Amino acid sequence: MALLALAGCGEPATPPLTVGMNPWVGYDPLVLARDRGLTDPRQLRVVELPSASESLRHLRNGLLDAATLTLDETLRLADSGIDVRIVAMLDASDGGDVVMAAPRITSPALLKGEFIAVENSAVGALLLQRMLEKAGLTRADVRVTNLEVAQHLAALQAGTVAAAVSFEPLAGSMEVAGYRRIFDSSQIPGEILDVLVVRAEVMEQRPGSVDALLRAWYAGLNAFQLDIPGAAQSLALGTDLTPKAYEAVLGGLAFYSRDASERELSGNPAPLVAQASKVADALINIGLIQQAPRWDQLIDGSAMKRIRTSGSAP
């Protein structure tokens, strides 16, 4: 009886690390890794959320251990006092973030006085700001409506907005419905980057779980890149796109290799700081953050180094 009682007093099982992501083709390698059994569900739980706003909300409320976010969303999160670490570079948007407009709007300059739907996130505000600057407009020249991206197509169809700041694959659905691209992230190269962030306490207390998350990402990315048509066939099922259209939208982003990601996060200062400082300055100028973060705290390449030395990632 005593031995049985002692046997029941072992260490509790470590819960799986929970990582959140919103719909964006640049995050789909994690979905592919999960769906193809390339992850251990005892170590990792991938949660698909409807928007970046929900990912940020879940992180703030302690419901996620990690999340896939844009760099500017990460800076906004850190500025609000949430202690996170950038542990990997995922991809760079090169046309995948888009401003979609009604057919009558043929250029950004024609948006003066019009309603524009923007999700209450940093990336939407940044893309909008850059478009307005290039069109010679200011935010005061347009009427901004805060609306989550899942509602943008309905708002365009109802005529309550003339344009929407969106991203793939949602932008592709808008294009199929007859709306036009008038601005995208290819016109602001290097400014919209996707990163993987992890809570600081998780980095300290569960490094093995963080390593499992990175291994899952690179296993999914490897499978994705080895068979893009096959990946598109399965991943397009969760969108309004055909597999062929899904493949086409991949032209709007560039994935970071494991080595490139590690290089960006290594050193003092890390190379990422140069580009991230430009983004931070832009966010400060439009009032979305108060100050740049401490880069040496926000950027953490230790997990990338561990998986390289262990030889456990593709």
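Quick note: the coordinates plus some simple rules give every number you see, no bench work behind them. Keep in mind the model is a prediction, meaning the values are calculated, not measured. All Cβ positions, even for glycine, are placed from backbone atoms using ideal geometry, and neighbour counts span all protein chains on display.
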So GLU201 and LEU110, fully extended at 0.36 nm per residue minus their Cα-Cα distance, gain in nm 28.0 nm
Stretched fully, the stretch from SER302 through GLN233 gains (0.36 nm per residue minus C-alpha distance, one decimal, in nm) 21.3 nm
Computed FRET value (nearest 0.05) for ARG181 with SER80, which takes r as the C-beta separation and R₀ as 35 Å: 0.65
Among PHE224, PHE255, what is the fewest-to-most ranking by other Cβ atoms within 10 Å? PHE255, PHE224
For TRP295 paired with GLU133, estimate the spin-label separation in nm (one decimal), with each label point 7 Å from Cα along the Cα-to-Cβ line. 1.8 nm
Per residue, what volume in Å³ does the Cα convex hull of region 213-283 take up? 137 Å³
What would the Debye formula give as log10 I(q)/I(0) at q = 0.06 Å⁻¹ for the alpha-carbon point model of the chain, no solvent? -0.21
Computed curve, region 238-314, Cα-only Debye sum without solvent term, log₁₀ I(q)/I(0) at 0.18, 0.20 Å⁻¹, is -0.88, -0.92
So for the chain, averaging the separation of alpha carbon pairs under 8 Å that are six or more residues apart and normalising by length, what relative contact order in percent results? 27 percent
Given a Förster distance of 41 Å, report the FRET efficiency between THR242 and LYS278 from their Cβ-Cβ distance, rounded to the nearest 0.05. 0.65
Kindly provide the Kirkwood hydrodynamic radius of region 97-187 in Å, to one decimal, from all pairs of distinct alpha carbon atoms. 12.5 Å
